[in-house]
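Peer 1: Below is one structure. I have some questions about it.
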Amino acid sequence: MTTEQAASPLARRPYDLRHAGISLWLNAGVAATEVARRAGHGVAVMLQVYANCVDGEEQVYNDRITQALASVGISSSNGDGREKLHGVSGTPEVEPAGVSRADHSEHGGSK
């Protein structure tokens, strides 16, 4: 670093630059595993420290969830712009293969 660079406000707090870089990578959509590798963190620690730094991606994630649900034939929109899962009431709409609701009742729940 030159004398001028070392005297700059940016050089006074290198940790702030590191934090800004990691936050930027996460906000850019770089996979958490890759960011953790580059930062020298474990994924769990990195997410614990930086999870609140990811901002403005809610609509992107909602769109991805909607696309994933649509790919398996489930609608996630309730018509008013809010997202919800249709048919989710705590009881599956489709029973696992070989299990009927009668089986659940007879055995006090799931097998």
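Peer 1: Give the residues of segment 1-28 that are among the small types (Gly, Ala, Ser) and free of Cβ contacts under 8 Å to residues at least 24 places away in the same chain, sorted by residue number.
Peer 2: Correct list: Ala6, Ala7, Ser8, Ala11, Ala20, Gly21, Ala28.
Peer 1: How many residues are at pLDDT below 85, of a type in the set (A, V, I, L, M, F, W, C) and assigned to a loop (DSSP other than H, G, I, E, B) when one looks only at segment 5-54?
Peer 2: The qualifying residues number 1.
The values are calculated or read from the model by the stated rules, or taken from the named source; none is laboratory data. Keep in mind the model is a prediction, meaning the values are calculated, not measured. Glycine also receives a Cβ, built like all others from the backbone with ideal geometry; neighbour counts cover every protein chain displayed.
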